[in-house]
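Asks: Could you have a look at this structure, given as structure tokens, before my questions?
The values are calculated or read from the model by the stated rules, or taken from the named source; none is laboratory data. Treat the numbers as computed from the prediction; the structure is a model and nothing was measured. Every residue, glycine as well, gets a Cβ built from its backbone with ideal geometry; the counts of neighbours run over all protein chains shown. Side chains are part of the model used for accessible areas, which takes the heavy atoms of the whole protein and leaves out ligands, DNA and RNA. Shrake-Rupley method; radii C 1.70, N 1.55, O 1.52, S 1.80 Å.
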Amino acid sequence: MRPEPAILAFDTSAAHCAAALLSGDRLLALRTEPMEKGQAERLMPLLEEVLAAGGRTWADLDALAVGTGPGNFTGVRIAVAAARGLALALGRPAVGVSRFEALALGLPAPVAVLEDARRGEVYLADGASPPRLAPLEGLSVTAPWQVGSAAFADRLEPLYPLAEAIARVAAGRLGQPQPRPAPFYLRGADAAPAADPPPVIL
């Protein structure tokens, strides 16, 4: 009898480094470490620890799953780049899962997902229009339920920790053609172009 598919999921889209190992419907291991910076250095050791805690190796994996945002610009890129590299090295599919999908997993529909985007704005997905960046002041949401860090009325709690939810969403997509994971940005990068002129290349 073939073992149930094993999925290693991870996310660095916010001030954390999170990973989960799922086998079929069973959560084998979960780690979430708050951190403002350092995700790039911490991610691979964390994944090794999660695999060891779940009694699996890289060779045992059937797929990878990664949180694609929206969220911190650099953090999203770290996780997505790692997922692409690991998928290529292991010869396994990588499934990208948005924060909206993960937070809404298993909740009654329709549910609006509102995540704090700072600067008086929220990342919003309510099913009424494409996901968007919206001002918090005067915001009106038609969905009867809300979930997320910026939810302000009829609030529900996510059913799963973020990394576990990412793994579970990805599990439902195994066997289907998947595009390569790509960052899901709703706001441009904060970095400003350099004020000094670039050097002349001779």
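Asks: When the helices in the chain are scored as -39500 (n - 2.57) per DSSP H run of 4 or longer and the sum is shared across all residues, what 222 nm value do you end up with, to the nearest 500 deg cm²/dmol?
Replies: -7500 deg cm²/dmol
Asks: Report the longest stretch of the chain that contains none of the GluC sites (Glu not before Pro) sitting in a DSSP loop with at most 14 other Cβ atoms within 10 Å.
Replies: Values: sites that count: Glu36, Glu137.
Excluding the exposed sites themselves, the longest stretch runs over 37-136.
Asks: How much accessible surface area, in Å² rounded to 10, belongs to the heavy atoms of Thr142 with a 1.4 Å probe?
Replies: My reading of the accessible area for Thr142 is about 120 Å².
Asks: If you take every DSSP beta bridge whose two residues both sit in the stretch 59-159, what share of them, in percent to the nearest 5, is antiparallel?
Replies: In the stretch 59-159, DSSP labels about 50 percent of beta bridges as antiparallel.
Asks: Which entry is the computed semi-axes √(5λ) of the Cα gyration tensor in Å for this structure: (1) 48, 17, 14; (2) 30, 18, 17; (3) 28, 25, 15?
Replies: Matching the structure shown: (3).
Asks: Could you state how much accessible area Met35 has, in square angstrom rounded to the nearest 10, with a 1.4 Å probe and all protein chains kept in place?
Replies: Probe radius 1.4 Å; accessible area of Met35 about 30 Å².
Asks: Oh, and also: Could you tell me the largest-minus-smallest coordinate of the C-alpha atoms of the stretch 28-109 on each of the three principal axes, in descending order and whole angstroms?
Replies: Result for the stretch 28-109: principal-axis Cα extents of 36, 30, 24 Å.
Asks: Please identify the trypsin sites (Lys or Arg not before Pro) of the stretch 1-73 that satisfy two criteria: DSSP loop assignment and at most 15 other Cβ atoms within 10 Å. Which are they?
Replies: Those that pass, being in a loop and sparsely packed, are Lys37.
Asks: What is the extension gain from Trp58 to Glu157, computed as 0.36 nm multiplied by their sequence separation minus the C-alpha to C-alpha distance, in nm to one decimal?
Replies: My answer for the length gained is 32.4 nm.
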